[in-house]
Amino acid sequence: MSETPPAHPSTGSAPSPGGPPLPLEAQGIRRSFILGDGSELEVLQGVDLAVGTGEAVSIVGASGTGKSTLLHLLGALDRPTSGELILGGRTVTGRSGRELARLRNQFVGFVFQFHHLLREFTALENVMMPALIGGAPRAKAEADARELLEAVGLSPRLGHKPWQLSGGEQQRVAVARALANEPVVLLADEPSGNLDARTSEALHDLLFRIREERELSLVLVTHNRELAARADRTLLLAEGVLEPAQISREEPWSAKTADPQTP
Ligand SMILES: Nc1ncnc2c1ncn2[C@@H]1O[C@H](COP(=O)(O)OP(=O)(O)OP(=O)(O)O)[C@@H](O)[C@H]1O
Ligand SMILES: [Mg+2]
């Protein structure tokens with residue numbers, strides 16, 4: 001009999017009793033929206049997810065199934081209708097906006113599909129921003145931001161404003177900014193959605209290199225099969241819940257069917 005505790009039945013990594021808490025856990029997350037006519041749209045209907053330290057999980061699913069909604073909830077950018085989010089062993093549910101912001105700063109980095117860089121600020125200033133907001137001294141924020149921009153290959157572009165950068169460069173600045181507060185989990189929503197194939201691949205290499213270097217956990221929402229396949233496991237969001245997915249090149253996303261060969 002294995003000594004390793006069993007993984008979550010469908011969508012979790014192995015728990016670590018006595019060890020450090022998992023970077024991210026979601027239990028029974030539901031999210032519905034009340035529409036203009038008073039009706040309720042139930043998007044997430046009980047999502048369970050556990051992500052281990054340094055683990056990369058990709059989340060796939062058809063457009064409109066709730067992937068971005070879920071990622072926002074996992075990053076504590078939105079509150080679930082019900083269910084629990086636990087970041088670094090700390091329950092997020094029920095906290096004030098200020099506490100939520102603090103937990104978010106401490107544990108989570110977010111890369112959006114559209115970079116959301118501040119237009120009036122340079123690449124360096126954009127990457128310094130999270131540390132400055134968190135109260136870090138300016139000299140430290142700047143030194144760290146320079147180092148991060150160097151890590152993403154942008155040392156020659158420190159003084160460029162977002163509109164003076166290519167799409168791939170902007171996305172690399174966004175990755176550097178997401179890492180500024182040394183998060184334990186990096187959440188990325190279609191990080192390469194607007195990039196050509198070669199630039200996408202370079203960005204994916206960067207994400208996985210940083211994961212290795214920093215033991216960062218990655219949760220990647222993507223329609224890109226190559227990126228989805230690079231993760232340690234892939235989950236399909238369909239009908240409001242997550243289930244293990246199998247990736248094939250031609251077919252639409254599908255849930256994993258039981259493999260009789262697998263013990
Ligand atoms: N604030 C909101 N009010 C009402 N409905 C919403 C709201 N936000 C999202 N939705 C609905 O929830 C569903 C899921 O949206 P979401 O953006 O999470 O989808 P997605 O899986 O990320 O899709 P895509 O792959 O196209 O990005 C959609 O049907 C959307 O219309
Ligand atoms: Mg989306």
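The numbers here are math on the coordinates, done by the rules we state, and not lab data. Since we're looking at a predicted model, the values are computed, not measured. No Cβ is skipped: glycine too gets one built from the backbone with ideal geometry, and neighbour counts run over all protein chains shown.
Sparse packing (at most 16 other Cβ atoms within 10 Å of the Cβ) combined with a DSSP loop state is found for the following trypsin sites (Lys or Arg not before Pro) in segment 53-137: R95, R119. Taking a straight line from the alpha carbon of K256, these aspartates and glutamates sit under 12 Å away, with near neighbours fewer than eight places off in the same chain left out: E243. Other residues lying with their Cβ under 12 Å from the Cβ of A50 contribute a combined charge of -3, Lys and Arg counting +1, Asp and Glu -1. Taking the Cα centre of the chain as origin and assigning +1 to Lys and Arg Cβ atoms and -1 to Asp and Glu Cβ atoms, the resulting dipole is close to 740 debye.
Quick check for you: which residues of segment 21-42 have the amide N under 15 Å from the point 7 Å beyond the Cα of E215 toward its beta carbon? It comes to 21-24, nothing else. In this structure, E84 and S254 have a Cβ-Cβ separation that, at R0 = 30 Å, corresponds to a calculated FRET efficiency of about 0.55.
With R₀ set to 22 Å, the beta-carbon distance separating A143 from E182 gives a calculated FRET efficiency near 0.95. For segment 119-204, the list of GluC sites (Glu not before Pro) that fall in a loop by DSSP and count at most 15 other C-beta atoms within 10 angstrom reads E120. Looking at segment 93-129, the chymotrypsin sites (Phe, Trp or Tyr not before Pro) that sit in a DSSP loop and have at most 13 other Cβ atoms within 10 Å of their own Cβ are F114. A straight Cα-to-Cα reach below 18 Å connects K140 with the aspartates and glutamates E125, E150, E182, residues fewer than 8 places away in its own chain not being considered. Between T93 and D37, what's the calculated FRET efficiency when r is the beta-carbon distance and R0 is 35 Å? Round to 0.05. Rounded to the nearest 0.05, the efficiency is 0.75.
If you wrap the Cα atoms of segment 24-245 in a convex hull and average its projected area over all directions, you get 12.4 nm². Estimated purely from DSSP H runs of n ≥ 4, each contributing -39500 (n - 2.57), the mean residue ellipticity at 222 nm for the chain is -9500 deg cm²/dmol once divided by its residues.
Take every DSSP beta bridge whose two residues both sit in segment 24-245; close to 55 percent of them are antiparallel.
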